[in-house]
Structures are given as C-alpha cells and as structure tokens.
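I have placed the structure first, in the form of structure tokens, so that the comments after it can refer back to it.
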Amino acid sequence: MKFPNVIGRRDLIHAAIIGSVAGLAGVLFFILILSSMDPAKQEQQASSTEEEVIPVNSEQEQPVVDKNSFVEFFANQHGVFSSNKAALDFIAGFGSLNTSAIVEIDGNFYVWSSITSIKEELVITDNPTSFAKPFKLSGAACTDPALQSLPVHLQSNDPSKFYFEDSQNQGNMPKDWQSITSALTSLSGDLSVARLHLIVHYFTKNDCMKIEL
C-alpha cells in the first residue's frame, strides 16, 4: 500500500483551524472558572492566608499603669538585703522585729516594721536603726475591682476600715480579707503593723499590684 508523501494544503489549513479553536476553548474555559469564583471569597481567602503567616507574639503586653493611680505610703525601713536569708538573719538578731516583714522589690529584700500613710506617724528607732522609706502602691493593673481600690482603702487610719463587723461592707474587699485581718489581730493591735502585712501579702500574691520606690 502506498502513502502520500505530501500533505495537502487543505489539510494544513484544517489542522491550523482546529488547533486555534482548541487553544481558544482552553483559554475561555480557564476564564470561566476564574469568573465563577466569588471575589469576596477570594479576598477572604487571601486575608486568611496573610493572617496565618503573621507571627504570634507569645508574650502578652503588660498593662500601662497610670502614674496618678499610685497611693503614697511610708515604711519604717531597717535595712535592704540581696537575699531573703540575709534579711531573715538580720531580723533574728532583734527581738523588736518579731512583727516585721520582708518585701521583695526588684530583686532586693527590704525589712519593714510598719507602714503609715502619714510620715510623722512612723516611730523611728535606734536599735535597730530605721528611717522613713517613701513608696507608692497601685492596683490599677488588676482586673479585680477590690484589688484596684485596695491602695486607697489601706491609706485609711480608721480601724473599722480594717476590722469591720458589718459583713455587707466586705463585698468591696478581696475574698481573703477577713481571714487575713482576723489572723493579724493576734499578731499586733497596731494598725501600721496590720497595714504592713496586708500590703506585703497582696503585693506578693498578685503580680498586678505595683510598688514604686
């Protein structure tokens, strides 16, 4: 059987037309697929992709404490030490410091024996020596309203604000307030000593409480 050696001109034209039509059909099909997609959905998908690649900061931003929220106090300070043990050894050497407390602030350990809201009310001693250490307390960074208002409450010199019998007033105070103040009555009847231990307790227990020296 013999095959033709030369393809006819008509066959070439037909092949070219068929190829062009097939290519055009492919392009039109691709355009139809794109146009069928919801533009809003495309934008949402693009946004989601961008959100996925944004790195997440594992550290939460610390709330900014308003300087006006700080309440000023005065501590009867006997010393500052680099470790808690050194502070304890110092206290052990003086019987008069049996109701004192150690508060850690910025890595230093302060020995305080009382806290007042009026500087002149501090009883300065010679053995061991002491002096008035001013500091400011704030609960503005706390989410608990009771802790937010605690510095102002502790500023009061009214004993009834600390040892109240009316249980209705306890709604504005921290939940463990009654148990702490009850325990403090056996430690000392001095309001400045009670204030000291309350401040140290709530400052140590709650990171949101801030002390500025």
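Here, each number is a calculation from the coordinates, and none is a lab measurement. Keep in mind it's a predicted model, so treat the numbers as computed, not measured. Cβ placement follows ideal geometry from the backbone for every residue including glycine, while neighbour counts extend to all protein chains displayed.
Sequentially through region 110-120, phi angles give Karplus couplings (6.51, -1.76, 1.60; θ = phi - 60°) of 9, 9, 10, 10, 6, 9, 10, 9, 10, 4, 5 Hz, Gly and Pro residues having no value and appearing as x. Across region 206-213, coupling constants 3J(HN,Hα) worked out from phi with the 6.51/-1.76/1.60 Karplus curve, θ = phi - 60°, read 10, 5, 6, 6, 10, 10, 10, 8 Hz, and Gly and Pro carry x. For S130, the residues whose amide H sits under 5 Å from its own are T125, ignoring neighbours fewer than 5 places away on the same chain, with H placed 1.01 Å from N. Among the listed pairs K136/K205; K119/K175; K85/K133, those with a Cα-Cα distance over 24 Å are K119/K175. L147 sits among other residues whose Cβ lies under 12 Å from its own Cβ, and their net charge, with Lys and Arg +1 and Asp and Glu -1, is 0.
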